[in-house]
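Inspection log for the structure reproduced underneath, given as structure tokens.
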Amino acid sequence: MEARYGQSPSNFEVREAKLFRNNCSLAVRIAAEFEFSGNRMFIHKEGDKLIIEAEPEARLLDILKGLAPLTSDDQFPNGLDATLLPLKAVDL
């Protein structure tokens with residue numbers, strides 16, 4: 001069911017929002033109950049609808065993929081293990 005002015009499907013609430021100018025940009029005043037966490041949003045149009053979505057949280061795998069490969073300067077220094085206690089045998 002598509003929402004029309006003054007109507008809403010049972011799975012979401014439709015509210016009126018106020019528009020105002022902020023310098024050369026058009027801004028939307030969003031009610032507190034629709035507040036998002038974070039400080040960045042993604043916005044796009046789908047037909048005559050404007051869709052605002054919270055920026056997805058960064059995933060560890062994506063962060064790791066974005067790192068530069070290790071070089072020879074990034075290796076652990078020699079003798080680092082010399083200060084550690086010896087390993088204990090473990091029976092499994």
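Here, each number is a calculation from the coordinates, and none is a lab measurement. Since the model is a prediction, treat every value here as computed from it, not as a measurement. Here the Cβ is made from the backbone with ideal geometry for all residues, glycine too, and neighbour counts use every protein chain on show.
Just the number, please: Stokes-Einstein D of the chain in µm²/s, Kirkwood Rh from C-alpha pairs, 37 °C, 0.692 mPa s. Could the numbers behind the result be given before it?
Working: Rh = 19.9 Å.
Value of D from the Cα-based Kirkwood radius: 165 µm²/s.
So, R0 is 22 Å and r is the distance between the beta-carbons of residue 46 and residue 25; what FRET efficiency does that work out to, to 0.05? Please report the intermediate quantities before stating the final value.
On the way: r = 21 Å, r/R0 = 0.95.
Between residue 46 and residue 25 the formula returns 0.60.
Could you go through segment 41-50 in sequence order and give the Karplus-derived ³J(HN,Hα) for each residue, using 6.51 cos²θ - 1.76 cosθ + 1.60 with θ = phi - 60°, rounded to whole Hz, and x for Gly and Pro?
Couplings: 10, 9, 9, 7, 9, 10, x, 9, 9, 9 Hz.
Take the chain, connect every pair of alpha-carbon atoms lying under 10 Å apart with a spring to form a Gaussian network, then pick out the residue of 69, 56, 77 with the largest mean-square fluctuation.
So, out of 69, 56, 77, the one fluctuating most is 77.
Relative contact order of the chain, please, whole-number percent, based on alpha carbon pairs below 8 angstrom and at least 6 residues apart. Please list the in-between numbers first.
Numbers: 45 pairs, mean separation 10.1, N = 92.
It rounds to 11 percent for the chain.
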